[in-house]
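A short reminder: the numbers here are calculations on the coordinates, not readings from a lab. For clarity, every value in this text was computed on a predicted model and none was experimentally measured. Because the Cβ atoms are built from the backbone with ideal geometry, glycine has one as well, and the counts that use them run over all protein chains shown.
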Amino acid sequence: MENLIPKHGGYRQLKTFQLSRLIFDITIRFCNKFIGVRSRTHDQMVQAARSGVQNIAEGSQASGTSKKTELKLTNVARASLEELCLDYEDFLRQKQLPLWERSD
């Protein structure tokens, strides 16, 4: 008999999950070192990084019952990581440090 709910999850093996988790860990270290712990920017950057990880995991879990929800949560993760990228760019710009290009 075919399963009612197809196989889903397995997000821990996804490269996007692994990379997002690494970005989260590095963001915490970066923020603790370079941005005041009580700063709103500190909190926003950590939360954006966390959102990337959590939404990839939630989207993967939801994939068994709703591809629409999976795509929505994946897009939320993508948007959160883009927001985090902009925060890093702002930090560099405000400190008058060079922005690395993807080819660097």
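Using mean projected area of the Cα convex hull in nm² as the read-out, say which of [x] 8.1; [y] 11.4; [z] 6.4 was calculated from these coordinates.
Recomputing mean projected area of the Cα convex hull in nm² here gives the entry labelled [x].
Dipole size in debye (nearest 20) for region 11-93 around its Cα centre, Lys and Arg Cβ +1, Asp and Glu Cβ -1?
200 debye
Give a residue-ordered list of calculated ³J(HN,Hα) values for region 65-75 (Karplus: 6.51 cos²θ - 1.76 cosθ + 1.60, θ = phi - 60°; whole Hz; x for Gly, Pro).
Taking θ as phi minus 60°, the curve returns 10, 8, 5, 4, 5, 4, 5, 4, 5, 5, 5 Hz for region 65-75.
Could you order peptides 43-54, 90-101, 17-28 by the average number of other Cβ atoms within 10 Å of their residues, highest first?
43-54, 17-28, 90-101
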